[in-house]
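Undergrad: Okay, here's the structure, questions in a sec.
The values are calculated or read from the model by the stated rules, or taken from the named source; none is laboratory data. Everything numeric in this text was worked out from a predicted model, so none of it was measured. Quick reminder, even Gly has a Cβ in these numbers, built from the backbone with ideal geometry, and neighbours come from all protein chains shown. We work out accessible area using only protein heavy atoms, side chains counted, and drop any ligands, DNA or RNA first. Shrake-Rupley method; radii C 1.70, N 1.55, O 1.52, S 1.80 Å.
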Amino acid sequence: MERSHEWLVGSDARWDAEKHRWYFPSGATLSFSHMEGPRAHLDHQSAAYQFVAIDEVAAIPEYQALYLHSRLRRLEGVNVPIRFRSASNPPTREQALTGAWLKARYVNPQTRPTGIVYIPALLEDNPHLDAVDYERSLAALDPVTRRQLRWGDWDVAVAGRMFDRAAFHLVEHPFPDVVRGVRYWDLAATEDSADGGGARG
């Protein structure tokens, strides 16, 4: 919203602070909203948009982002392109559940639907940014987050502290014929409670 004011204050557009919306003489509008909460997408239930843009889409669940596709519509004969645009850094560890779908839908050429275009952008693509100062800021981050933000790496992940993936040999068939039985122990356990409940490893 702040950027829109930089661009539009002093123009013929009129700002409605209560509705967070710009009105243009042509009849077009530019509205700002949020997706805070699991039902926030329903605030747009009756809307008809020709352009939807979501910044940091990894911060919201897939069902909310895709719901807004259903709001993209126009009257017959109206020559306005229908567009959906989203921007995001690779999901953080905290966004792993809400943001995992982005790689499959937008980034991975093997899984993204036909017609979807993915445009990566790096520091070098923004000539107006103070690159030296930004690099200094990124240097304070952990290696995974730094790689995500500096290089747009969607594959880097935090290694676990319990298991080393390299120590496991993956097989196509989960239970080879030579295996007759498997014994395992789950050592994650809780103490018995006073009423006799509780899990034992």
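Undergrad: Filter segment 65-102 for residues that are among the polar types (S, T, N, Q) and either more than 18 Å from the chain's Cα centre (by Cα) or not in a helix (DSSP H, G or I) (or both) and give the result.
TA: 70, 79, 86, 88, 89, 92
Undergrad: Could you list all residues from segment 26-44 that are open to solvent by 50 Å² or more (accessible area, probe 1.4 Å), in contact with a Lys or Arg (Cβ under 8 Å, 6 or more places away or on another chain) and not in a strand (DSSP E or B)?
TA: Passing the criteria: only 32.
Undergrad: Give me the pairs: first residue in segment 115-126 and hydroxyl-bearing (Ser, Thr, Tyr), second residue assigned to a loop (DSSP other than H, G, I, E, B), beta-carbon distance under 9 Å, and six or more apart or on different chains, which are they?
TA: From segment 115-126, the pairs are 118/108; 118/109; 118/112.
Undergrad: Still on this structure, please answer the following. Restrict the check to segment 5-14 and report whether at least one residue is aromatic (Phe, Trp, Tyr), more than 19 Å from residue 70 (Cβ to Cβ) and open to solvent by 80 Å² or more (accessible area, probe 1.4 Å).
TA: Yes, that holds for at least one residue.
Undergrad: Given (1) open to solvent by 60 Å² or more (accessible area, probe 1.4 Å); (2) assigned to a strand (DSSP E or B); (3) closer than 22 Å to residue 156 by Cβ, identify the lone condition not met by residue 109.
TA: Among (1) open to solvent by 60 Å² or more (accessible area, probe 1.4 Å); (2) assigned to a strand (DSSP E or B); (3) closer than 22 Å to residue 156 by Cβ, residue 109 violates only (2).
Undergrad: Confirm whether residue 14 is touching a strand residue (DSSP E or B) at 6+ places or on another chain (Cβ under 9 Å), farther than 30 Å from residue 155 by Cα and of a type in the set (D, E, K, R).
TA: yes
Undergrad: Need the failing condition index for residue 23 against (1) surrounded by 12 or more Cβ atoms within 10 Å (Cβ to Cβ); (2) farther than 30 Å from residue 146 by Cβ; (3) within 18 Å of the chain's Cα centre (by Cα); (4) without any contact (Cβ under 8 Å) to a residue 12 or more places away in the chain, just the number.
TA: It fails just one condition, (3).
Undergrad: Out of 46, 31, 11, 26, I need the residue that is under 27 Å from residue 79 (Cβ atoms) and in contact with a His (Cβ under 9 Å, 6 or more places away or on another chain). Which one?
TA: Exactly one of 46, 31, 11, 26 is under 27 Å from residue 79 (Cβ atoms) and in contact with a His (Cβ under 9 Å, 6 or more places away or on another chain), namely 31.
Undergrad: Moving on to the next point. Within the bounds of segment 46-59, is there any residue that is on the phi < 0 side of the Ramachandran plot, in contact with a Phe, Trp or Tyr (Cβ under 7 Å, 6 or more places away or on another chain) and either loosely packed, with under 14 Cβ neighbours inside 10 Å or assigned to a helix (DSSP H, G or I) (or both)?
TA: No, segment 46-59 has no match at all.
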